[in-house]
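Accompanying notes for the structure given below.
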Amino acid sequence: MAKHPDWAIQHKRKGTELRYIKGNYYLYQVSSKWDPVKKKSKKVTGKLLGKITEIEGFVVSDKERLRQGAPAFGQLEVKESGIALLISKKFRKHIGLLEKHFPKLWQEILAFSYVRFAHVSPLHKISFFYQNSYLSELYPQAMYDSEQIGEMLNAIGKQREKIVLYFSEFYQKENYLVFEIINPTEYIPKPFSKEFISKLDHHLRLPIYFVISQSDSTPIYYEFIPSDRKNLSLIDIWLQESPIPKATIVTSREMFSIGNLEHYSNTGSKFIAALEQDNTLIDYSKILKDDNHVFDGSFIYQKKEIYYYTTKHAEKKVMVFVDHLLKSKQENAFFESEENLPEKLTMENYYPIKASFGTLALFTNSNLAPDKLYYAYRSYDEFVWRFEKLNSILESDIEHIQGPLAMEGWMFINFVALQWLNCLDQLLNEKTPNSIISTDNALEVLNKVHKVKINQTWHDAKNSISVENLIATLGLND
């Protein structure tokens, strides 16, 4: 490289770089940022400051002159701050543990998790969302270059031991629910699934075991499991080898297998299995009497009264739960269907399913009380719904997941986002017990809260009364 002339070098100062472009010398602002993937500093080129000539010396660029001389209200920067404050103030435990176990990557994990938690967005949009969040001011060292997503996922995925140590911070002396989700590709939109899934690498098709707290649904643990399962699930074997102290296996209607459940019983494992509504293990005779006195009892779940009754099956039992509000909705939906118009409706096609409306039947060898059993399954159901929602955009992230390590990193980011969603849900239940506001509603409102930067100083933008009420309720002004 040719040496720059002295008349150009004399205008160079700290934090700038001299460049020779098409016969002219230009002065650019430069800085450096640590790259945790390559483990070295990375030069970041900033704005053009001006042009240097031998006769005129340093000539400030037009844009720089405008920046320097613009009036106060011309220098505005606006960033979302509601969700940023929620994360920084209410998820301190999680942030502290990320910093503890991932000292060189914790801000990157935080940034990626923010994108999934706040926007359910593909990772390639991280630069846009993170730069426009006040979180980038609170945690400015995060590397979120869209071109380095795959490398970052690999860097996170390489640290499975640290991921497990992070998990261990949430273990308590209590019961857990453990369940299998076949693989994230289940949640790719159906129009793409057949052709798309056939092209996926093996690491994208492994089943995953998740563990959540039975008491408050907190996600505790996950692990990818080799898919060679033959006739019996590996879940009970995995439980014996896992660090989870005590867990109840939960299975969905689609994954029900009487053989597996018998195997679990023989090995001493507790299970909760949802039954298809036409399963012959279910006795609907009590419901057909249409009399609440035939039930064993009832309890309140999410402001609804749930009735239940039990039928014994040796050392196991089937507990049938009835939600009368849901029953009415399903009956109305049935009659509104074109396939079930009065002229097509017969007792033969209506009577067999009439009793099943509004029911949930659980087959179990657990000794949980009816309300605890119902809550446990609903906790599982809610988690799977959230997992499905977060991963419905997997197809957009596939290009960044080029191996099992990247898949591990990708899953951990989603896991942290799921923990945050659970925390927000608990916070809403605690602070607004009589409200029906959901996590989605709360995030939508908080996303409208902004900070405005005027002449290097951040100010809170004015909010509506309803927004201010939510901020105060959640304690974000504390």
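Taken together, the values in this text are just the output of simple stated rules run on the coordinates, not laboratory data. Everything numeric here is computed off the predicted structure, so don't read it as measured data. In this analysis, Cβ positions are derived from the backbone assuming ideal geometry, glycine residues included, and neighbour counts consider all displayed protein chains.
Annotation: lysines with alpha-carbon distance below 27 angstrom to Lys22 (same-chain offsets under eight excluded): Lys3, Lys12, Lys14, Lys42, Lys43, Lys47, Lys51, Lys63. Here the spin labels are modelled as points 7 Å beyond Cα on the Cα-Cβ line, and at Asp478 and Lys158 they lie 3.9 nm apart.
Multiplying the residue separation of Lys51 and Tyr301 by 0.36 nm and removing their Cα-Cα distance gives an extension gain of 83.0 nm. With both labels modelled 7 Å from their Cα along Cα-to-Cβ, the Glu315 to Asn367 distance reads 1.2 nm.
The Kirkwood radius of region 6-69, taken over pairs of alpha-carbon atoms, gives through the Stokes-Einstein law at 20 °C and 1.002 mPa s a diffusion coefficient of 166 µm² s⁻¹. Across the cross-link table entries Lys327/Lys372; Lys289/Lys317; Lys316/Lys372; Lys33/Lys90, which are compared at the Cα atoms, the separations over 25 Å belong to Lys33/Lys90.
Straight-line reach from Lys38: taking Cα to Cα under 16 Å and skipping same-chain neighbours fewer than 8 places apart, the lysines in range are Lys104, Lys158. When the GluC sites (Glu not before Pro) in region 254-292 are filtered for DSSP coil states and for at most 15 other beta-carbon atoms within 10 Å of their beta-carbon, the remaining sites are Glu254, Glu276.
Each other residue within a Cβ distance under 14 Å of Lys12 adds +1 if Lys or Arg and -1 if Asp or Glu, for a net charge of +3.
Across the alpha-carbon atoms of region 432-477, the computed radius of gyration and Dmax are 12.4, 43 angstrom. Between Asn434 and Asn455, what is the FRET efficiency for a Förster distance of 41 Å, r being their Cβ-Cβ separation, to the nearest 0.05? That gives a FRET efficiency of 0.40.
Each label point was placed 7 Å from the Cα along the Cα-to-Cβ direction; for Glu137 and Leu326 their separation is 4.5 nm.
Subtracting the Cα-Cα distance of Lys12 and Ile353 from 0.36 nm times their residue separation leaves 114.6 nm of extension gain.
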